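Below are the structure tokens for one structure; questions will follow.
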Amino acid sequence: MNSIYVLSRPIILITSALMVIIHVAGAYLGFRGLAIPRGVGVYVSIYESLYYILLSALILFTLPTWLTALTITMLITHIIGAYAYLKGYLSNYANPKTLRYYGIYESFELTLILIIIMYVIP
């Protein structure tokens, strides 16, 4: 196990814990056809992009191949998504039906984050 991975473990666990909270809230609201208010959502979208950049920089290739591929996919998705969110493009799609689908996506991402946490905890 490399030293960067060992030293970065507390950072990853703390940032992942916040991601769990964000995604529990996002899934909860999404399943109810609601969205996180934009004032908070702006910060959340930036945080999520930074989380996947941090994760990619610190431990990406210590994860199994399938989890590395999912992490890279989430990194790309969040960078594009944050840009679209900040520009206001996603508001065109915000209605109760699509937000319920977004709840499913948030649940999937929550599962991914929990799996990452399980790999990071020794």
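The values are calculated or read from the model by the stated rules, or taken from the named source; none is laboratory data. These figures come from a predicted structure and were not determined experimentally.
Taking into account only those residues within region 19-59 that are farther than 26 Å from ASN95 by Cα and of a type outside the set (Gly, Ala, Ser), which is modelled with the lowest pLDDT?
Per the criteria, the residue is ILE59.
In this structure, is TYR85 in a helix (DSSP H, G or I) and more than 13 Å from the chain's Cα centre (by Cα)?
yes
Tally time: how many residues in region 62-83 are farther than 20 Å from PHE108 by Cα and at pLDDT 95 or above? Before you say what the answer is, go through the steps one by one.
We begin by selecting, within region 62-83, every residue farther than 20 Å from PHE108 by Cα; these are 62, 83.
Within this subset, residues satisfying the condition of being at pLDDT 95 or above are 83.
Going through region 62-83 one residue at a time, the tally reaches 1.
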